[in-house]
Amino acid sequence: MKKIALTLAAGLALAATGAQAQGNYPQRPITMIVPFAAGGPTDVIARIVGDHMSRTLGQQIVIENVAGAGGTTGITRGAQSQPDGYTIMMGHMGTHGAAPALYPNLKYDPAKDFAPIGLAAGTPIVIVAKKDFPANDLKGFLDYMKANADKVNMAHAGVGSVSHSTGIFFNSVVKVKPTMVAYRGTGPALNDLMANTVDYMTDQIVNVAPQILGGNIKAYAIATPERSPALPNVPTTKEAGLPDYEVSAWNAVFAPKGTPPEIVAKLNDALVKSLDDENTRKRLLDLGGVIPSKEERTPAALQKLVESEVARWTPVLKAAGASAE
Amino acid sequence: MGDLVSNLSLGFGVALSFQNLGLAFLGCLVGTLIGVLPGVGPIATIAMLLPITFGLDPVGALIMLAGIYYGAQYGGSTTAILVNIPGEATSVVTTLDGHQMARQGRAGIALGIAAIGSFFAGTVATVVIAALGAPLTSLALIFGPAEYFSLMVMGLVFAVVLARGSILKAIAMILVGVLLSTVGLDLETGEERMTLGLPFLIDGIDFAVLAMGVFGIAEILRNLDHTETRDVVRQAIGRLLPNREDFRQSYKPVLRGTFIGAILGILPGNGAVLGPFASYTIEKKLAKDPSRFGRGAIEGVAGPESANNAGAQTSFIPLLTLGIPPNAVMALMVGAMTIHGIVPGPQVMTRNPELFWGMIASMWVGNLMLLVINLPMVGMWVRLLKVPYHLMFPAILMFCCIGIYSINSLPTDVMFIGFFGIVGYLLIKFGFEPAPMLLGFVLGKLLEENLRRALILSRGSLETFIDRPVSGVLLLVAVVLLVVALLPSIRKGRDEVFTE
Amino acid sequence: MSMSEEGGRDRRGPVRSPQNLAAGLSLVFLAGLALWLTRGLSQGHLNAMGPGMLPDWLAYGVGLCGIALLVAAFLKDGEPLEAWSLRGPFFVVVAILAFAVTIRPFSLGPVAIPGLGMIVAGPLAIIIGGYAAPEVQLRPLLVLAFGLTPFCMVLFGDLLNLPIPVFPQSLAGLMPDGWSQKTILRVLAALMAVAAVVIHISGGRRKDGKIDVVTQPEEI
C-alpha cells in the first residue's frame, strides 16, 4: 500500500518512527490489547499475567479493551499496529482459531500475520445442564438427547463466543441438532439455565464453576484430559465416555508480524516467568485455569497450535453453517 | 431480625475502617469526575479505572469500585442536568426536566434534589438488600424471555407517555429507535443487518455514541442557532439548593421512585434501566398538571433519580447472591472479583461474609460520600454555567470527543457522534424529540432478543406471552397505559394524532 | 385540498405544515432505506424469526407514521420550518473529524496521518469548533485550547492512566533520553499552560463586560 505521509505543523517531524533503540526494550509502557470487554475471562487472565510481566520487564503493561465482533476488532487493530514490541495482544481460541470460519471478511490471517509470543492459560470447557434435566451423568444425557433430538435446546452467548463454537463442536461430535438459543453474553445464558428455561450449554469453567458448586446447575463432564482442581467431582469426557470431545479455550499473547526476534524472546521470557510465579499460578488456578507445560510455552509451539486450531475449527463451523455474514 | 442487625454491624465494622472509608471516598470522587465527562457512563468509567484497584485487597477494591460506580452514575446525572447530555441510558430521563430546570436558573435545585433523592433511595435500597437479598433472587428467576418481552413492551409505552409534543411523532421516534437497535450482527444467525459492510457497525451502534450525537452535539448546534435564548441561563442563577417547597413537591416522587427502582433493579437482564422511565411516567400521570413535565417539573428529576439509584443498588443483589451479573456494570464487578481471587457466586455470602456484608454497608457509606462530595460542588457547577457559551461549547465538544474515544478507543466512534449530531439537529428542525428514540433504542435490543427467544422456546406459539401469568399481566398493564396515554389527546383533540 | 388564498402569511400553499411535510418525507425515506438495506435478509417464520422480520415490520411502521404526517401536513396547520444554518454544523463536524483523525494513526487510501495524540487533537477540536459560533474570537479560543488541553492531558493521561494517546511518539524522540513518558507528558503540559498564560496576557486588558458581543478592534 502506498502511503503518503502528511507533514503538519512546523517543528514536528511526523514520519512514522521506528527508531527506538531496541537494545533497551522496553523503554516505555507496553499496550496489551484485550479484544473483549473488561471483566471477562480473557481480560482477567490478561490482567493477572500482565501484572507480573510488568514487574519482569520493568515497564507497565497497560491493558486496552477493544471489544467487538467476537474479538476480531481488537485483534485486527493489533495486527495492524507497529511491530516495535509496544503493542501486543491477548488472543484466544475464538480469535485465532474459529475466526476464519466465522468471519469471511476477516482482515487478518491467524497463522501468518502475527509473531506468536506464547500461551498464557487455558480455561477448560464444561458441559452443563439445567438442574431439572432428566439425566444424571453424561451417558444418560447423550441417550436422552439422541432419543429427543427435536425437543432439546442449547444456549450460547452469541455467534463467535466460546460457548457457541464449542457448542457446535459438541453437537457435531455427538451428532445432534438441538435448537440453538442465543444470548447476549454468558450472564443471561446462565440465568436462563438456572431458571430451567434452556436445557444445556458448553462454556468455560470460569463462568460456570460458581453455579455448579452452588448446586444451581448440573455438570456432566469437563473436556480436558484431567479433572480440574476447581471441580474435583466432575468427570472428564474421557472418563465419562466421550473421549472425542476435548477442547479448551486457550488464551495466548501475540505480537504483530515483523516484531524483532529479540523483543519476542524478551516478552516470552517475561510470560514464562509469570507462569512460574507462585502468586500468579495460584490466581490462575483459582479461576480453574490450566497452565501450559514448559514445552507448550514456546512461540513455536503456539504457532503450531494456531495452525492446528484453524484446521480443526474451519470444517466444524462451516459444516454447521455458522458464519457471521 | 437479630441476624440482620449482627450482619449489618459486621458489615459496618468492615466498611467504616479507615482504609475502606478512604477508598470509598476516593472511588466516589474519581467516579464523579469521570462520570461528568459527557458520554462516559458508569461502565466505561469502571472499565477505565479497574486497574487502579489491583494493588488493593479484595474488600477494599470492591468498595472502591462500587464507589466509582455510584460516583459515575451521579456524575452522569450532573451532565444530563447541566448540558443535556445523558451519559447512560438511565440518565436520559433526567435530561427531560433536569436540563429545563437548569435553563430556568434552577440548576442548583435540580442537582441538589437529585443528590438527596439518590441518597434516600440508596439508604432504603441498602436496607432492602440486607434484609431481603436472598429471597429476592428467586424473583429474578421467575422472569423468562416472555416476561422480559412484555416488560419491554411496557417500557415502550412509557416512552410514549414521556413525549412532550405530538404523540404521532413520538411513536415514530420510538420505532426509529428500535429500528436503529437492530443494526449490526443478528444474534441468532450471525447475519449482518444494515451494516453497510462497515466493520465498526458489526456490533451495532453504541448507545453512548448515539446519545452523545443526538443529545450533545445536536444541542450545541441548536444553541448556536438561538443566540438570544441561551444567555438567559446565565443571568438567573437563584437559589443553590432545594428549599422546603421543593422538598414538599419531591418527597412523594422520591418514595415512589425508590420503590419502583428497587424492584426493577433486581431483574437480571438490565431491568434497572426501566426504573427511571417508569417513575417519570407515573409522576406525570399522577401530577395535577402534567403539562409541567418536560418544562422543568422537579418531580421529573426527583422520582427518576431515586429510581435510578435504587436500581443501581439492588442490581447488586443477583451479583452478590447468585454471582450472575444483571448488566454490564455488574459483569465488570464479576471480573474485578475474579481478578482479586474471589469466586462470585452463591457461596460468597457464606464463605466471605465480611466481603458480602462489608460491600452492602459500604453502599450506604458510598451514598453518604456522594452527598458530602456533591452538594458543595453544586455551587461550582452552577458557576460553570456562567461561562460564555461561545467558549463553553468548544470545551464541551472536546470533552465529548475525549469521552467517546476513551470508551472503545475507536476514532470511528468519534466520527459517528458528528453524524448523529447532524441527525439530531435535523430531528429537532422537523419537530421530533430525541428522547423517545433513545428509549426505543435501549429497549429495542432487549425487546427483540426476548421476543425471538420466547418464540423459539415456545416453538412459534404467540400465546406464550399471554399464557404465562406475569407476562400476561405486564402486557395488560402496557395496553391500559397506552390507552390512558392516548385518551386525552384523542378526546381533547390537543395534539391530534390522526385527522379523520 | 384547499386552494391558496391571499392572506397575511407568506406560505399559504396547499402545504399547511411544512415542518410536518419535511418530517413525513424523512420518515418515509428512512423506512424505504431500511427496507432496501434488509432486502436480502430472510423473514423466517414465527417459531424461528429470521433476522429480517422485525426490521421490516419496524420499517413499515415508520413508513406509516411518515405517511400519516404527510397527510397531516396538508390537512392541518403546523409550524413552518425553522431557518437553517450551515456554519454551525459545518465547523462542528469538521472539528470532530479533526479530532478523530489526529488522535490515532489514521489512513484512508493514499492519505496517512500519524497519530498525534491529545496534545494536537484537543486544541484542533476547540479551535475549529469555536469557529462555529458567529461571534468567534481567536485569542480567547487559543487561551482555552492551550489551557484546557494540558489539564486534560494531566488528568486523563497521567492521574487516571487512561489508554488515550497524548502526544506523538516522534515528539518523545526529540526529548532528552531517560525522561519517562510521564515526565514528558508533564513537561509538555506545563509548556502548553505557559503558552496559554502568555497569549492571555498579551491580549491586552480588555475587561469590558461584553463577552458575547463582537468586540470592536482597539483603536489606539
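Selection of first residues in region C:174-203 that are part of a loop (DSSP other than H, G, I, E, B) and of second residues that are open to solvent by less than 90 Å² (accessible area, probe 1.4 Å) and modelled with pLDDT under 85, restricted to Cβ pairs under 7 Å at least 6 apart or on distinct chains, gives the following pairs, ordered by first then second residue: C:Met175/C:Ile184.
Matching residues to (1) at negative phi; (2) basic (Lys, Arg); (3) touching a residue at least 60 places away in the same chain (Cβ under 8 Å); (4) not in a strand (DSSP E or B):
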{"residue": "A:Asp132", "(1), (2), (3), (4)": "yes, no, yes, yes"}
{"residue": "A:Tyr144", "(1), (2), (3), (4)": "yes, no, no, yes"}
{"residue": "A:Met154", "(1), (2), (3), (4)": "yes, no, no, no"}
{"residue": "A:Val159", "(1), (2), (3), (4)": "yes, no, yes, yes"}
{"residue": "A:Gly187", "(1), (2), (3), (4)": "yes, no, no, yes"}
{"residue": "A:Met201", "(1), (2), (3), (4)": "yes, no, yes, no"}
{"residue": "A:Ala209", "(1), (2), (3), (4)": "yes, no, yes, yes"}
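Within region B:57-64, is even one residue open to solvent by 10 Å² or more (accessible area, probe 1.4 Å), within 13 Å of chain A (Cβ to nearest Cβ) and more than 30 Å from B:Pro388 (Cβ to Cβ)? Yes, there is a match, as at least one residue in region B:57-64 is open to solvent by 10 Å² or more (accessible area, probe 1.4 Å), within 13 Å of chain A (Cβ to nearest Cβ) and more than 30 Å from B:Pro388 (Cβ to Cβ). Residues that are out of contact with any helix residue (DSSP H, G or I) (no Cβ under 8 Å at 6 or more places or on another chain) and either more than 17 Å from B:Leu50 (Cα to Cα) or polar (S, T, N, Q) (or both): does region B:320-337 have at least one? No, that holds for no residue. Which residues, taken from region A:134-155, are in contact with a Phe, Trp or Tyr (Cβ under 7 Å, 6 or more places away or on another chain) and within 13 Å of another protein chain (Cβ to nearest Cβ)? Within region A:134-155, A:Met154, A:Ala155 meet the criteria. Taking the numbered list (1) without any contact (Cβ under 8 Å) to a residue 40 or more places away in the chain; (2) part of a helix (DSSP H, G or I); (3) more than 9 Å from chain B (Cβ to nearest Cβ) in turn, A:Thr73 passes all entries but (3). Of the listed requirements (1) open to solvent by 10 Å² or more (accessible area, probe 1.4 Å); (2) closer than 21 Å to A:Ile205 by Cα; (3) aliphatic (A, V, I, L, M), A:Val176 misses just one: (2). For region B:365-385, a residue qualifies if it is over 16 Å from B:Leu16 (Cα atoms) and β-branched (Val, Ile, Thr), and the qualifying residues are B:Ile373, B:Val378, B:Val382.
Residues that are facing chain C (nearest Cβ under 7 Å) and outside any helix (DSSP H, G or I) within region B:398-440 comprise B:Ser409, B:Phe430, B:Gly431, B:Phe432, listed in sequence order. Helices (runs of 4 or more DSSP H) fully within region B:16-95 that include at least 2 residues being closer than 30 Å to A:Arg283 by Cβ and under 14 Å from the mean Cα position of the chain (by Cα): B:42-49, B:58-83. For region B:385-399, indicate whether the set of residues that are without any contact (Cβ under 8 Å) to a residue 12 or more places away in the chain and of a type in the set (Lys, Arg) is non-empty. No, that holds for no residue. Could you say whether any residue in region B:389-401 is at pLDDT below 85 and surrounded by fewer than 20 Cβ atoms within 10 Å (Cβ to Cβ)? Yes - at least one qualifying residue is present in region B:389-401. When B:Leu56, B:Leu37, B:Leu49 are checked against the criterion of being at pLDDT below 85 and within 12 Å of B:Leu26 (Cα to Cα), a single residue qualifies: B:Leu49. Within region A:109-133, which residues are open to solvent by 10 Å² or more (accessible area, probe 1.4 Å) and in contact with a helix residue (DSSP H, G or I) (Cβ under 6 Å, 6 or more places away or on another chain)? Hits for region A:109-133 are A:Ala111, A:Asp113, A:Ala115, A:Pro116, A:Leu119, A:Lys130. Hey, does region B:340-355 have a residue that's buried (at least 24 other Cβ atoms within 10 Å of the Cβ) and under 26 Å from B:Ile34 (Cα atoms)? No, region B:340-355 has no match at all.
Only residues in region C:116-134 that are open to solvent by less than 10 Å² (accessible area, probe 1.4 Å) count as the first member; pair them with residues that are in a loop (DSSP other than H, G, I, E, B) and not aromatic (Phe, Trp, Tyr), Cβ under 6 angstrom, at least 6 apart or cross-chain, and list the lot. Close Cβ pairs (under 6 Å, with a partner that is in a loop (DSSP other than H, G, I, E, B) and not aromatic (Phe, Trp, Tyr)) amount to C:Leu116/C:Pro168; C:Gly117/C:Pro165; C:Gly117/C:Val166; C:Gly117/C:Pro168; C:Met118/C:Val166; C:Gly130/C:Val136.
Every residue, every condition in (1) modelled with pLDDT under 90; (2) under 19 Å from the mean Cα position of the chain (by Cα), yes or no:
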| site | (1), (2) |
| --- | --- |
| A:Asp276 | no, no |
| A:Asp286 | yes, yes |
| A:Ala301 | no, yes |
| A:Ser308 | no, yes |
| A:Ala319 | yes, no |
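Of the residues making up region C:36-61, just one is hydroxyl-bearing (Ser, Thr, Tyr) and over 30 Å from B:Ser166 (Cα atoms), namely C:Ser42. Counted as qualifying within region B:271-376 are the helices (runs of 4 or more DSSP H) with 3 or more residues that are over 28 Å from B:Leu438 (Cα atoms) and in contact (Cβ under 8 Å) with a residue 12 or more places away in the chain, namely B:328-339. Considering only residues in region A:186-205 that are open to solvent by 20 Å² or more (accessible area, probe 1.4 Å) and more than 7 Å from chain B (Cβ to nearest Cβ), the one that is farthest from A:Met145 (Cα to Cα) turns out to be A:Thr186. Restricted to region C:62-82, and to residues there that are more than 30 Å from the chain's Cα centre (by Cα) and open to solvent by less than 30 Å² (accessible area, probe 1.4 Å), the residue that is nearest to B:Leu168 (Cα to Cα) is C:Ala68.
Only one entry of B:Ala110, B:Ala159, B:Ala121, B:Ala131 meets the criterion of being touching a His at 6+ places or on another chain (Cβ under 9 Å) and not basic (Lys, Arg), and that entry is B:Ala110. Scanning region A:218-235 for residues that are over 26 Å from A:Thr197 (Cβ atoms), part of a loop (DSSP other than H, G, I, E, B) and open to solvent by less than 20 Å² (accessible area, probe 1.4 Å) yields one hit, A:Thr224. Here C:Val194 fulfils each of the conditions (1) at pLDDT 85 or above; (2) in contact with a Gly (Cβ under 8 Å, 6 or more places away or on another chain) apart from (2).
The residues listed here are B:Ala15, B:Ala80; of these, the one that is surrounded by 24 or more Cβ atoms within 10 Å (Cβ to Cβ), farther than 22 Å from B:Asn327 by Cα and more than 14 Å from chain A (Cβ to nearest Cβ) is B:Ala15. Quick check on A:Gly167: is it open to solvent by less than 10 Å² (accessible area, probe 1.4 Å), within 14 Å of chain B (Cβ to nearest Cβ) and assigned to a helix (DSSP H, G or I)? Yes: the conditions hold for A:Gly167.
Being surrounded by fewer than 24 Cβ atoms within 10 Å (Cβ to Cβ), modelled with pLDDT of 85 or more and hydroxyl-bearing (Ser, Thr, Tyr) is a property that B:Thr123 has.
Looking across region C:83-100, the residues that are within 7 Å of chain B (Cβ to nearest Cβ) and either in contact (Cβ under 8 Å) with a residue 12 or more places away in the chain or open to solvent by less than 50 Å² (accessible area, probe 1.4 Å) (or both) come down to C:Ser85, C:Gly88, C:Pro89, C:Val92, C:Val93, C:Ala95, C:Ile96, C:Phe99, C:Ala100.
The values are calculated or read from the model by the stated rules, or taken from the named source; none is laboratory data. Note that the coordinates shown come from a computational prediction; the quantities given were computed from them, not determined experimentally. Positions of Cβ are backbone-derived with ideal geometry, glycine not excepted, and every protein chain shown enters the neighbour counts. Side chains are part of the model used for accessible areas, which takes the heavy atoms of the whole protein and leaves out ligands, DNA and RNA. Shrake-Rupley method; radii C 1.70, N 1.55, O 1.52, S 1.80 Å.
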